[in-house]
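The values are calculated or read from the model by the stated rules, or taken from the named source; none is laboratory data. What you see is a predicted model; the values in this text were computed from it and never measured. Here Cβ is always computed from backbone atoms with ideal geometry, including for glycine, and neighbour counts include all displayed protein chains.
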Amino acid sequence: MPLIQNNSTKITEPARRTRNIAPVFVLGCGRSGTTVLYHMLLSAGDFAVYRAESNAINLLEPRFGDLSVRKNKEKLMDAWLDSKLFARSGLDAIQIREKVVAECTNGGSFLRIVMEEIARTQGVRRWADCTPEHLLHLPRIKETIPDALIIHIIRDGRDVALSTDKLGYIKRAPWDKTPSIMVAGLYWEWMVRRGREAGRRLGNDYIEVRFEDLITEPRKTLGILGNFIEHELDYDRIQKVGIGSVSEPNTSFKGAPGDEKFSPVGRWKAGFAQKELAMFEALVGRTLEELGYLLASQNPEQLDRDKLKRMRWLYQKYFDSKLYLKSRTPLGKVLVTRDLSWL
């Protein structure tokens, strides 16, 4: 499957820094391979090693409000310094607190300040972020970090749904009684489509890569991505350094990495019951085909079933509404506070 790069007209941006030191965002729907690609970048060298999702734009900024206000920055730092996000940074608490309070104006600048300090202390040139939900906030990322380069990794929605459903990440709406894996598939479709729509407006600062290509043709795929971010991504070096999931696959299927036949590609072929697969492909089959994935079901007419069309429409509105409430309304503080409980 080829990589797709969107080259539409770019948004207007302030002065930019050299591309080969620009921050890189590795984004995608959860369980799509964001972590393994992020760890490949870290293993390639000259990137700050920070093995955590920053959640700066999707959770921290909505929770603490206008970060040009000093009291909001103080509250942010009180929480952040008491979290594993700080513990994994290796930074000095007093120094980073002073710098954030003095210089931070928004979620993007907070992320840049923290990551540039990590890069400085590690003696490397650049940094990357791997927070999957940041895919839903591309306009805000480019507004606050204009030189950001976006890599959107896309994986077969059937494999993604199997994994997310197994882990219980996506919850059904209270009114829904269909198998939860269907909702996981609809969430994958919604997130991928939103990311692609926003990405098209970023021109040459946005690229899409298939997870399957990264696994089956890593040298070729990393070569294309290396040209995109202007950074050497040597596959042999990456394998030798082997940070995180490069050497220890981040799979939801226990015991799989020890299996010599282990492959994260095409797990859906053995994971779906035939009836469920037909319903799943009826719901998101058009998106799968649009992305180049072949359908297994032999009943394409199901794509037009009114009941499934209504379900798809309702969940799109449901996901849109939750995102709007979290990112655009005062209620967002309540919702993201719940999401930040793991800090």
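Numbers for the structure displayed
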item: Residue that is modelled with pLDDT of 95 or more, more than 30 Å from E276 (Cα to Cα) and touching a strand residue (DSSP E or B) at 6+ places or on another chain (Cβ under 6 Å), where the choices are A128, A102, A93; result: A128
item: Hits in the range 86-117 (condition: more than 14 Å from N72 (Cα to Cα) and among the aromatic types (F, W, Y)); result: F86
item: Helices (runs of 4 or more DSSP H) fully within the range 76-174 counting 2 or more residues that are surrounded by 22 or more Cβ atoms within 10 Å (Cβ to Cβ) and out of contact with any Asp or Glu (no Cβ under 8 Å at 6 or more places or on another chain); result: 138-144, 157-167
item: Which numbered condition R310 fails, given (1) closer than 30 Å to L81 by Cβ; (2) modelled with pLDDT of 85 or more; result: (1)
item: Residue match in the range 63-77 (condition: on the phi > 0 side of the Ramachandran plot and at pLDDT below 95); result: yes
item: Qualifying positions in the range 77-135 - within 19 Å of G65 (Cα to Cα) and among the small types (G, A, S); result: A79, S83, A102, G107, G108, S109
item: Failed item in (1) touching a helix residue (DSSP H, G or I) at 6+ places or on another chain (Cβ under 8 Å); (2) more than 17 Å from Y38 (Cα to Cα), with N204 passing the rest; result: (1)
item: Any hit, the range 46-59, residues being more than 25 Å from A184 (Cα to Cα), assigned to a helix (DSSP H, G or I) and either at pLDDT 95 or above or aromatic (F, W, Y) (or both); result: no
item: Pair list, Cβ < 9 Å and 6+ apart or interchain, from the range 161-172 residues that are under 18 Å from M279 (Cα atoms) and in contact (Cβ under 8 Å) with a residue 40 or more places away in the chain to residues that are charged (D, E, K, R) and surrounded by fewer than 21 Cβ atoms within 10 Å (Cβ to Cβ); result: L162/R267; S163/R267
item: Subset of the range 267-307 [within 17 Å of V183 (Cβ to Cβ), modelled with pLDDT of 90 or more and of a type in the set (A, V, I, L, M)]; result: L277, A278, M279, A282, L283, V284, L288
item: Residue within the range 150-168 that is out of contact with any Phe, Trp or Tyr (no Cβ under 8 Å at 6 or more places or on another chain), of a type outside the set (D, E, K, R) and modelled with pLDDT of 95 or more present; result: no
item: Number of positions in the range 72-131 that are over 24 Å from the mean Cα position of the chain (by Cα) and of a type in the set (V, I, T); result: 5
item: Answer residue from the range 30-43, given it is on the phi < 0 side of the Ramachandran plot and in contact with a Ser or Thr (Cβ under 8 Å, 6 or more places away or on another chain) and is surrounded by the fewest Cβ atoms within 10 Å (Cβ to Cβ) among those; result: G30
item: Residue tally, condition among the hydroxyl-bearing types (S, T, Y) and in contact with a Gly (Cβ under 7 Å, 6 or more places away or on another chain), over the range 36-63; result: 1
